[in-house]
Amino acid sequence: MAQNVITKDTESLAIAAAEHFVASARAAIARRGRFTAALAGGSTPRGVYRRLAEKEFSKRVEWAHVHLFWGDERCVPPDHPDSNYGMAYETLIAHVPIPGEQVHRMRGEDPPLEAAAAYEELLRAHFGTGKQTFDLVLLGMGEDGHCASLFPGTAAIHETERWVVAHYVDKLDAWRITLTPAVLNVADEVAFIVSGKEKAERVRQVQNDAYRPGTLPAQVIRPANGRLNWYLDSLAASRLRV
Ligand code: 6PG
């Protein structure tokens, strides 16, 4: 069952999500000696990563035991302004003592299909059997209900075998690399981070309307063990009955 964490504004949303990241990291490292997270792209997580980079938060994470992956990537070089890796590097990675070899970016500069296949290999090597994958997946949600790069009407929403796919997204006129539900739904926990009034109705539809992931891709995210949290500011939550 999804849990909603509703904060008054984007500032407190970033703090709540950063706190959650720290708590998840500490629990995973205590339990199994490492913490593996998938980061979201887009703009909403910027505030979370900046908070996480602040001493008050970063000093509570044993970065030597953290592995970072991405939920999706634009097919651009890492120093391109659109790069999800580049955004996370600038706001978080450059400011915390995580070993470089534990930052596993999707190679957006490579041919998309090759980059997707290489990332799948990397993930399967990291997780082994894949019974349980990420300790925490952070996801944003677009106004159209997409998450990662699972856009409405794309086959990737219904992918049950491959963990990573590359696809051309018509509406963006661009290639994207994305994790699929096959790997996302065996994560220990998924946390959406969504802010803004413009997403309120979509949040309501995703959470309350009939299951139709082809139109509302975020609905396809249903971790097998049920640990799904929505971190929402009051505007994004304004259409929910609470
Ligand atoms: C991306 C993201 C995408 C994002 C949503 C929400 O590469 O753009 O992974 O899924 O999370 O589009 O983006 P905002 O947070 O910018 O609204």
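Values in this text are rule-based calculations from the coordinates and carry no lab data. Predicted model only: the values in this text are computed from it and were never measured. Neighbour counts run over all protein chains shown; Cβ positions are idealised from the backbone, glycine included.
Could you list log10 I(q)/I(0) for segment 1-122 at q = 0.21 Å⁻¹, which the Debye formula gives when each Cα is one point scatterer?
For segment 1-122, the Cα-only Debye profile gives -1.26.
Decide, for segment 27-78, between rounded, prolate and oblate: order the square roots of the alpha carbon gyration tensor eigenvalues as a ≥ b ≥ c, take rounded if a/c falls under 1.5, and otherwise choose prolate if a/b is larger than b/c, else oblate.
oblate
Work from the charge dipole of the chain (Cβ charges, +1 for Lys and Arg, -1 for Asp and Glu, about the Cα centre) and give the residue of His20, Tyr85, Ala187 farthest towards its positive end.
My answer, from the dipole projection, is His20.
If you place +1 on the Cβ of every Lys and Arg, -1 on the Cβ of every Asp and Glu, and leave all else neutral, what size is the dipole of segment 3-232 about its Cα centre, to the nearest 20 Debye?
Details: 26 positive and 29 negative charges, 166 e Å.
Taking the Cα centre of segment 3-232 as origin, the dipole is about 800 debye.
Stokes-Einstein at 25 °C, 0.890 mPa s, Kirkwood radius from Cα pairs: D for segment 71-158 in µm² s⁻¹?
168 µm²/s
What ³J(HN,Hα) values, in whole Hz, does the Karplus curve 6.51 cos²θ - 1.76 cosθ + 1.60 give for segment 115-123 when θ = phi - 60°, with x put for Gly and Pro?
Listing the rounded values in order: 5, 5, 5, 5, 5, 4, 4, 4, 5 Hz.
Could you give the length gained by full extension between Glu90 and Asp170, i.e. 0.36 nm per residue of separation minus their alpha carbon distance, to one decimal place? Let's see the in-between values first.
Values: separation 80, 0.36 × 80 = 28.80 nm, distance 2.89 nm.
Computed gain between Glu90 and Asp170 is 25.9 nm.
Taking the Cα centre of segment 22-142 as the origin, how large is its charge dipole in debye, to the nearest 20, when only Lys and Arg (+1) and Asp and Glu (-1) carry charge on their Cβ atoms? Before the final figure, lay out each step's value.
On the way: 15 positive and 15 negative charges, 154 e Å.
Here segment 22-142 has a charge dipole of around 740 debye.
Any chance you could get the radius of gyration and Dmax over the Cα atoms of the chain, in Å?
So, for the chain, Rg and Dmax equal 16.5, 46 Å respectively.
List the residues whose amide H sits under 5 Å from the amide H of Thr36, counting only those 5 or more places along or on another chain, with H placed 1.01 Å from N in the peptide plane.
So Thr36 has HN proximity to His67, Asp135, Leu136.
What are the semi-axes of the equivalent ellipsoid of segment 131-214, taken as the square roots of 5 times the eigenvalues of the Cα gyration tensor, listed largest first and rounded to whole Å?
After diagonalising the Cα gyration tensor, the semi-axes are 20, 17, 12 Å.
Report the number of Lys pairs in segment 3-232 whose alpha-carbons are under 27 Å apart, with separation of 8 or more residues or on distinct chains.
Numbers: Lys8/Lys55; Lys8/Lys59; Lys8/Lys197; Lys8/Lys199; Lys171/Lys197; Lys171/Lys199.
Lysine pairs meeting both conditions in segment 3-232 amount to 6.
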